[in-house]
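Input: a single structure, listed below in structure tokens.
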Amino acid sequence: CGASMRSNGYCCDVDNGDMGVWFRGDYYDKCPSATDNYRYVKNDGNDANNGLTPATAWRTMEHITNELTPGQTGLIMGGTWNEQTRWPDGSLKICENVAVTLYPSRSGTPGNPIIFKGHPDYGKPLIEAKGFDSPHPISVQCDIGNCIHRPACIFGDYVILDNFEITESYGGIRTVGTSTVFQDCLIHDTYKNVGSSGENLGGITFLYSPSYDSIIRGCEFHHVAGGSPAISVYRTKTLLIENNYIHDNAGGIQFKNGVSNGTVRWNTFKNIGSASISHSCSDTPGIDTGNSDIYENVVYSEGVDPPVDLMTGFYFTVNGYAGAYTACEGSDVHDLRVFNNVIFNKYGAGILFHNVLSDGSSDNYERTSLSNNIIMNAGTADNRENLAVFDPDYLVDFKSDYNIYFDTFETEVMMWRRYNSYTLNVFRTTVRPDLEQHSLQQNPLFVNPDGGDFRLRSGSPAIDAGTIVSGYHCPVSGDIDPTQTGCKLWYGSAPDIGAFEYNPGLPKDKLPPAKPKGLVLR
């Protein structure tokens, strides 16, 4: 991977400049290893240059997006970019009826992606995607001299966007590509949608055509357009979303209309107005939906009594909110595993199953399981709903156990059949004796939940109280066999409940950091 490798997984081409250009080795199948694989662009460059060195950099995003071929990396040397780019034939690049700043003209290939990377020595390049006077339909919102367009569209395959900042644009990045990677991106303060539904204008949106094998990693999202989620996903298979920080936004991650084989892990959601993670079926019969894992995420709201718009933690629905997605009959959601998450201080339910079809004609949420989750202070002081499941008899082979439910306001922490609330003990003895038999109703003893630190304190009832999740946890305890790799280590007699495993043998100054965790820092 390049000319050298550091122990933390970064690789570097040391022959390309005094400091080199650093890449995460685990992000790419192949890091650029030769100087002629790089092309440079900067605000004071010149498109008549060869683009091979910083001194001979190109000038425009249009030029670099039209020139890069598989295996090449475009290094953007900081700056602000407001272009309405054109194809080589001179026509404007249009995406969802708007002009685009970063729109690659080609696809990469397996092992030879096309990479657009903000050069780490110059800070994140800023794409504002505004500032032109263009008539409709090229732009959707125009004041004099200030038209808003889309920052990036990725319709090709094997394209990587790395280390960008996007703001003041028409939504965020739209993609339909296969094996696309988005990492170390900051997307914030995009404009409210104009002439299109908000769900299509998320910070990163997978839309319409099927997409496969993509990654969103190490990004930060906040104040994304209007009521849009930070990440909105349609008809996508095998998507990895990890190590992202999503905060102060209307929505978090939305899986909608045929998403399968997804992994959502290690993300932090703070002050999300609606659902932090939602998952619904497809409106097109025959499209597979489900077989996804959601784990080690933290969802929380600041303040003892959060505002009423800080709603549900996880939201699962078949035929959707307000009657949407009525065609979901015959396109079932199946095999969801939700484990080792923390949901704290949400106005709505912690985990909510909504509008599960009750006519028995489909197996709704077949083989869904909830385990090792901590849900604390979900709802309001007058209406606590730590776990709400509607029409439960139609959840097929549904399992929920080894969770912690705790409420500092009242003792009723379970909700079943809409408005019937119960303590955990009453629920599992008189309502559903097949569920929650090993779950607890105790204070999990977080280190500092109001400050966003959801590690477990010594003496927490969550320690050694969980269950081994097949394919995720190591088969034996980490303090018995520390050489195990490729699985989640755990310590003691059983895995812990929650997003952080407590290691009693670790010195205090070596404890895992508080959330947000896992963000890629430069």
I'd like the residue in the range 42-96 that is among the β-branched types (Val, Ile, Thr), touching a residue at least 40 places away in the same chain (Cβ under 8 Å) and surrounded by 15 or more Cβ atoms within 10 Å (Cβ to Cβ) and, out of all such residues, is farthest from Phe164 (Cα to Cα).
Ile94
For the range 363-376, what are the residues that are open to solvent by less than 10 Å² (accessible area, probe 1.4 Å) and modelled with pLDDT under 85?
Asn364, Tyr365
Determine which member of the set Ala327, Ala349 is touching a Ser or Thr at 6+ places or on another chain (Cβ under 8 Å), modelled with pLDDT of 70 or more and either open to solvent by 40 Å² or more (accessible area, probe 1.4 Å) or in a loop (DSSP other than H, G, I, E, B) (or both).
Ala349
Evaluate the range 458-472: report whether one residue or more is free of Cβ contacts under 8 Å to residues at least 24 places away in the same chain, touching a Phe, Trp or Tyr at 6+ places or on another chain (Cβ under 9 Å) and open to solvent by 50 Å² or more (accessible area, probe 1.4 Å).
no
Being free of Cβ contacts under 8 Å to residues at least 24 places away in the same chain and more than 16 Å from Ser371 (Cα to Cα) narrows Ser421, Ser493, Ser477 down to just Ser477
Of residues in the range 330-346 being under 20 Å from Gln254 (Cβ atoms) and surrounded by fewer than 24 Cβ atoms within 10 Å (Cβ to Cβ), the one modelled with the highest pLDDT
Arg337
In the range 274-295, residue nearest to Asn372 (Cα to Cα) [restricted to those that are open to solvent by less than 10 Å² (accessible area, probe 1.4 Å) and modelled with pLDDT of 90 or more]
Ile294
Among the residues of the range 425-442, write down those that are buried (at least 16 other Cβ atoms within 10 Å of the Cβ) and either of a type in the set (S, T, N, Q) or touching a Pro at 6+ places or on another chain (Cβ under 7 Å) (or both).
Ser439, Leu440, Gln441
On the basis of being in contact with a helix residue (DSSP H, G or I) (Cβ under 8 Å, 6 or more places away or on another chain), acidic (Asp, Glu) and modelled with pLDDT under 90, does Glu302 make the cut?
yes
In contact with a Ser or Thr (Cβ under 9 Å, 6 or more places away or on another chain) and modelled with pLDDT of 90 or more: is that true of Cys153 in this structure?
yes
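Show me the strands (runs of 3 or more DSSP E) found entirely inside the range 240-285 where at least 1 residues are touching a residue at least 60 places away in the same chain (Cβ under 8 Å), over 18 Å from Tyr365 (Cβ atoms) and among the basic types (Lys, Arg).
Answer list for the range 240-285: 268-272.
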Go through the range 97-110 and give me each residue that's buried (at least 17 other Cβ atoms within 10 Å of the Cβ) and assigned to a strand (DSSP E or B).
Val98, Ala99, Val100, Thr101, Leu102
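The values are calculated or read from the model by the stated rules, or taken from the named source; none is laboratory data. This structure is a prediction, so every number in the text was calculated from the model and none was measured. Don't worry about glycine lacking a Cβ; one is built from the backbone with ideal geometry, like all the others, and counts go over all protein chains shown. Calculation scope for accessible area: heavy atoms of the full protein, side chains included, ligands and nucleic acids excluded. Shrake-Rupley method; radii C 1.70, N 1.55, O 1.52, S 1.80 Å.
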